[in-house]
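Every read-out reported here was derived from the displayed coordinates using simple, explicitly stated rules and does not represent laboratory data. Note that the structure is predicted; figures quoted are calculated from it, not measured. Positions of Cβ are generated from backbone atoms using ideal geometry, with glycine treated the same way; all protein chains shown enter the neighbour counts.
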Amino acid sequence: MKLSFALVILTLPLIRAQVPHWGPCPEPAVQPAFNLKQFMGRWFEIARLPTQFEKGQCIETNFTLKTDSSMRVVSSEILNGELRKIEGIGVIEDMKNPAKLGISYSYVLPYSPYWILSTDYVNSALVYSCTDVLRLFHVDFAWILGRTRTLPESTVERAKEIFANNNIDVIRMIASRQQGCDKTL
Ligand SMILES: *[C@@H]1O[C@H](CO)[C@@H](O)[C@H](O)[C@H]1NC(C)=O
């Protein structure tokens, strides 16, 4: 009882940022035969479930292969006119499930799930991250990524359908701001 109380207190900031959903995490299908190497390079954030952590604009991530199963992850955003970057490490945790990546932005933090639900490697990618809290409820994050700063509306709508078909609630998904990014820097 004490432990669960402590856990609820610890996860409160997370819960405030996101609407928690009852029950354990959904188990969405992920990209079959995921190819980490083809996924490398620059991806722009097209849309996301709102999070407390990313408030800037022009959000993008550059993935670089380190080994066959790990990568360097550099995410950046522009906040109040300033470019901010954070660096992390991504890994394939189970070679039998290569699309289920984990990313950590600090060696003191555990890997957070970073699942590639679907990608064609050259246009768009759907990413999902979900954490169970005592299997009572879960907090999740979802992103639509693009190789370009904007994607056709039809691609975005299809992506949302894929999330929804996997029991992921993307009604609150918002478009990321990618305007005026190239001239600011
Ligand atoms: C991505 O990272 C690689 C390796 O650090 C670097 O060579 C490349 O210029 C970066 N690309 C962008 C767009 O930042």
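Extension gain, Val108-Gln179: 0.36 nm per intervening residue step, less the Cα-Cα distance, totals 22.1 nm. Which is the longest stretch in the chain that no exposed loop site breaks, taking sites as chymotrypsin sites (Phe, Trp or Tyr not before Pro) with a DSSP loop state and at most 16 other Cβ atoms within 10 Å? Longest run free of exposed loop sites: 122-185. In the chain, helices alone account for a calculated mean residue ellipticity at 222 nm of -5500 deg cm²/dmol, with every DSSP H run of four or more residues adding -39,500 (n - 2.57). Taking the chain as the reference, fit the longest principal axis to its C-alpha atoms, fit the long axis of helix 2-17 to the helix C-alpha atoms, and give the angle between the two in degrees, 0 to 90, nearest 10. Tilt relative to the chain: about 30 degrees.
Near Thr148, the amide H atoms lying under 5 Å from its own belong to Phe44; only residues 5 or more places off or on other chains count, and H is placed 1.01 Å from N. In loop segments of region 95-185 as defined by DSSP, the trypsin sites (Lys or Arg not before Pro) with at most 13 further C-beta atoms inside 10 Å of their C-beta are Lys96, Arg135, Arg172. For the set Lys100/Lys160; Lys66/Lys96; Lys37/Lys160; Lys55/Lys100; Lys66/Lys160, the pairs lying more than 22 angstrom apart at their alpha carbons are Lys37/Lys160; Lys55/Lys100; Lys66/Lys160. Between 0 and 90 degrees, the angle of helix 153-165 with respect to the longest Cα principal axis of the chain falls at about 20 degrees.
Taking one equal scatterer on every alpha-carbon of the chain, how large is log10 of I(q)/I(0) by Debye at q = 0.10, 0.13, 0.16 1/Å? Ignoring solvent entirely, the Cα scatterers give -0.40, -0.69, -1.07.
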